[in-house]
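Only one structure is covered here, and it is reproduced in the block below.
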Amino acid sequence: MCKVIAMYLPQFHPIPENDKWWGKGFTEWKNVGRAQSLFPGHYQPRVPADLGYYDLRLPEVRKSQADMAKEYGIDGFCYYHYWFGNGRRLLERPFNEVLRLGEPDFPFMLCWANESWHEKFWDNKGGVSKNLLMEQIYGDENEYEAHFYSLLEAFKDPRYIKIEDKPAFMIYEPLKFPEVAQFITKWQELAIKNGLEGIHFIGQTQHAFRDKDKIIGLGFDAINAVRIYDVLQHKSKLSRSFARIKRSLFKTALYEKYSNAVKYLTDPEFDSAPDVYPSIIPGWDHTPRSGRGGFLLHDFTPKYFANHVRNVFNVMRNKPVEKKITFIKSWNEWGEGNYMEPDIRYGTQFLEVIKNIKNSEYS
């Protein structure tokens, strides 16, 4: 049976820093609610259905999410984890409460979202300017040790997802961490010292063909291949130039049809390797955050999503049982049009695709 793990954004609750930067009570729902349709047929705004505009401070919400995920064949959540150095964390409350309360009783792991936070401004050509809000600092071995011990309780929790008997830990930007090899070595030492078999390190990348060997060579056990932008790489130079001109002239976002993108979201040969965990992409629409400077996969439907999910499961057919793993990007990235939670247009149809294909065709 293939294991399906969904990336989970813990942003949907107020924090003092976001109050300061964006206004009192800010969460991602503000961007989601004010999103606009930018061209005919553009599906915006997205409105949540069953779970509503929730607040992740509430244990009832977290339980409802886990119950729903479990019902539709999702095997666990991979919570984004923010550690900016010197013990500075953000958005930690939802996961800390999951850990402290022992609820929901649903498997989990962590992905270190190791990037600085910026206030970003997009122009109509897709260009970005940035103001630094929170800097990602990596520090030295003392910092690595403090980081490890802050998560040791989680690693030892019986709900924590293990691969080959080791807690799985993903790093979002593995190649932006200059000393990541030393970090991995230190954490492996600390894991053994504290009674674990080690850590199963996964490096996430949007440039799988280019970066896999480099990432594995740094001590990672596997990569998670995310191919959202691969569709653009397969277009001719003329097509890309025309798209840029169109964006500039008509002041609209850059988009591609999801039905066309599906064939590029997996690579049958590359993704069948045991050390590659493919991604399931339910959609992509960055315009709630970036407006007309964004990129989106347009006209996605459950039918085309089902084609994509079958492709992902097919590349896992011949892998060792413990390596039949895929990550959904994501469970609840509403600000990127990238979610599995029900909305008012499709309800649970995308979830039903996962459940039906996993249980009937790949059990």
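Among the residues of segment 3-60, which ones are assigned to a strand (DSSP E or B) and small (Gly, Ala, Ser)?
Once the filter is applied, which keeps residues that are assigned to a strand (DSSP E or B) and small (Gly, Ala, Ser), segment 3-60 yields only Ala6.
Out of the residues in segment 135-182 that are farther than 20 Å from Asp213 by Cα and in contact with a Ser or Thr (Cβ under 8 Å, 6 or more places away or on another chain), state the one that is surrounded by the fewest Cβ atoms within 10 Å (Cβ to Cβ).
Ranking the candidates gives Glu135 first.
Please count how many residues of segment 310-334 are more than 16 Å from the chain's Cα centre (by Cα) and more than 18 Å from Ile202 (Cβ to Cβ).
6
Quick check on my filter: what residues within segment 171-201 are farther than 13 Å from Phe220 by Cα and of a type in the set (A, V, I, L, M)?
Scanning segment 171-201 gives Leu190, Ala191, Ile192, Leu196.
Six or more apart or on different chains, Cβ under 7 Å: which pairs go from a residue in segment 44-63 that's without any contact (Cβ under 8 Å) to a residue 60 or more places away in the chain to one that's hydroxyl-bearing (Ser, Thr, Tyr)? Could you list them?
Qualifying pairs under 7 Å: Val61/Tyr54.
Could you list, in sequence order, all residues of segment 334-360 that are open to solvent by less than 50 Å² (accessible area, probe 1.4 Å) and in a helix (DSSP H, G or I)?
Listed by number, the residues that qualify are Trp334, Gly335, Glu336, Phe350, Leu351, Val353, Ile354, Ile357, Lys358.
Sort out which residues of segment 26-45 are of a type in the set (Gly, Ala, Ser) and crowded, with 19+ Cβ neighbours inside 10 Å, and write them in order of number.
Result: Ala35, single match.
What are the residues in segment 166-223 that are aromatic (Phe, Trp, Tyr) and under 17 Å from Tyr149 (Cα atoms), if any?
Selection gives Phe169, Phe183, Trp187, Phe201.
Of all residues in segment 296-305, which are open to solvent by 10 Å² or more (accessible area, probe 1.4 Å) and either more than 15 Å from Tyr258 (Cα to Cα) or out of contact with any Pro (no Cβ under 8 Å at 6 or more places or on another chain) (or both)?
Passing the criteria: His298, Asp299, Thr301, Pro302, Lys303, Tyr304.
Do you know which residues across segment 31-86 are of a type in the set (Lys, Arg) and either touching a His at 6+ places or on another chain (Cβ under 9 Å) or on the phi > 0 side of the Ramachandran plot (or both)?
The answer is Arg57, and nothing else.
Rundown of residues vs (1) surrounded by fewer than 19 Cβ atoms within 10 Å (Cβ to Cβ); (2) within 15 Å of Glu341 (Cβ to Cβ), yes/no style:
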{"residue": "Lys24", "(1), (2)": "yes, no"}
{"residue": "Val47", "(1), (2)": "yes, yes"}
{"residue": "Arg57", "(1), (2)": "yes, no"}
{"residue": "Ala66", "(1), (2)": "no, yes"}
{"residue": "Tyr80", "(1), (2)": "no, no"}
{"residue": "Arg88", "(1), (2)": "yes, no"}
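Based on what the data block shows, is Thr205 surrounded by fewer than 16 Cβ atoms within 10 Å (Cβ to Cβ), within 26 Å of Pro274 (Cβ to Cβ) and of a type in the set (S, T, N, Q)?
Criteria not met by Thr205.
Which pairs do you get when a residue that is closer than 8 Å to Lys166 by Cβ and of a type in the set (Val, Ile, Thr), found in segment 188-203, comes within reach of a residue that is at pLDDT 95 or above and in a helix (DSSP H, G or I), reach meaning Cβ atoms under 8 angstrom, with the pair 6+ apart or on two chains?
So the pair list comes out as Ile199/Phe155; Ile199/Ile184; Ile199/Trp187; Ile199/Gln188; Ile199/Ala191.
In this structure, is Leu132 among the aliphatic types (A, V, I, L, M), touching a helix residue (DSSP H, G or I) at 6+ places or on another chain (Cβ under 9 Å) and either in contact (Cβ under 8 Å) with a residue 24 or more places away in the chain or open to solvent by 40 Å² or more (accessible area, probe 1.4 Å) (or both)?
Judged against the criteria, Leu132 is not a match.
When you go through Met7, Met68, Met1 one by one, which is the residue that is in contact with a Lys or Arg (Cβ under 6 Å, 6 or more places away or on another chain) and under 26 Å from Ser279 (Cα atoms)?
Of the residues listed, the single one that is in contact with a Lys or Arg (Cβ under 6 Å, 6 or more places away or on another chain) and under 26 Å from Ser279 (Cα atoms) is Met7.
Only one of Lys324, Lys329 is open to solvent by 30 Å² or more (accessible area, probe 1.4 Å), closer than 16 Å to Asp75 by Cα and touching a residue at least 12 places away in the same chain (Cβ under 8 Å). Can you tell me which?
Testing whether each residue is open to solvent by 30 Å² or more (accessible area, probe 1.4 Å), closer than 16 Å to Asp75 by Cα and touching a residue at least 12 places away in the same chain (Cβ under 8 Å) leaves just Lys324.
The values are calculated or read from the model by the stated rules, or taken from the named source; none is laboratory data. What you see is a predicted model, and the numbers here were worked out from it, not measured in a lab. Ideal geometry is used to build each Cβ from the backbone, glycine not excepted, and the neighbour counts take in all protein chains shown. We work out accessible area using only protein heavy atoms, side chains counted, and drop any ligands, DNA or RNA first. Shrake-Rupley method; radii C 1.70, N 1.55, O 1.52, S 1.80 Å.
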